[in-house]
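Read the figures in this text as sums done on the coordinates, not as results from a lab. For clarity, every value in this text was computed on a predicted model and none was experimentally measured. Every residue, glycine among them, receives a Cβ derived from its backbone with ideal geometry; neighbour counts consider all protein chains shown.
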Amino acid sequence: MMKYIIFTSALLLGSVIAGEALAVDCPISGQVMDISTQAEVTGVPEVLAKTENYTFAFPNVAEECSITVGNKTFNAGDDSRRSDDVVKYFSENAPTGWKFSKGVFTSKTAGADVADLTYSSSNSKKGKGNCATKPIIIQTSSNQGVAAVAAVAEVKEVTADPQLTTLLTGNTVCDSNATYDSCAKHPERNPCIIKMGIQEQHRNGGELWDYKLGPSNVVDPTVRVGDWSITGSDENTVVNYAYPPGGTPASYKVFDAGAGNYYFCSGTSIVATAKITNAPNCS
């Protein structure tokens with residue numbers, strides 16, 4: 001026969017031997033919480049896209065030919081030009097989206113490719129052959145640049161994480177080893193600390209029902225035994241139990257103990273170790 005004493009002050013940890021004092025500390029981590037909503041996130045560092053660096057040796061450019069980098073073009077004119085002339089031109093006329101210093105081009109565009117470094121492929125005006133001349137790539141490298149910390153655009157509300165609410169709502173808390181201290185009411189009993197299981201349904205709307213022997217059992221049917229609710233958020237999240245319905249509630253924190261087990265803690269002490277199921281009972 002199941003009773004509804006799981007969260008009364010008389011409940012002892014299910015594994016405690018009758019008559020022993022409760023001396024099991026609640027863990028310091030693993031609490032199941034409801035995470036509060038954050039209204040805005042600001043001050044996040046801006047991470048820039050990949051930066052590509054190219055190192056070049058520029059060739060000589062034949063007369064009437066040209067060499068183009070991005071949106072800038074060097075024309076040789078009527079006479080052939082030395083590579084030094086090409087370097088000087090581009091160092092003074094950096095193509096849009098590129099920086100140039102001492103023979104090194106640095107792309108500022110995400111995914112920039114060496115194809116951005118175009119060149120002339122037409123024949124010279126004087127018919128002296130193809131002008132297919134281009135920068136000679138010596139080395140390429142890439143890195144991830146990070147800008148200074150800057151405020152980002154407002155990030156709308158972060159969805160609240162209903163972990164404890166989801167864990168309990170519509171589910172049944174089970175502890176087959178729960179014990180009940182009946183010594184105050186029945187001092188004549190020996191022993192007066194009784195081992196008995198609990199299987200409490202946390203129904204939508206805050207009603208707490210004890211499955212007992214089932215809804216159709218004529219001897220010990222399923223019955224409402226109290227109220228439950230969750231209040232607080234983050235580390236202050238607690239589940240509240242009141243016996244009987246409308247009674248004064250007591251609050252407990254819940255911790256994930258692993259392997260499907262959960263600790264219900266009052267203050268710094270574990271008062272119940274339970275499993276949770278979406279079935280109506282614990283069998």
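Converting phi to 3J(HN,Hα) with the Karplus coefficients 6.51, -1.76 and 1.60 and the offset θ = phi - 60°, region 25-31 yields 7, 5, x, 9, 9, x, 5 Hz in sequence order, with x at every glycine or proline. Pop a pseudo-label 7 angstrom from the Cα along the beta-carbon direction at both Thr169 and Asn71 and give the gap in nm to one decimal. Taking the simple label geometry, Thr169 and Asn71 are separated by 5.5 nm. Look at the alpha carbon pairs under 8 Å that are at least 6 residues apart: their mean separation over the length of region 229-283 gives a relative contact order of 19 percent.
Once both labels are positioned 7 Å from their Cα atoms along Cα-to-Cβ, the gap between Ala259 and Glu188 label points is 4.2 nm.
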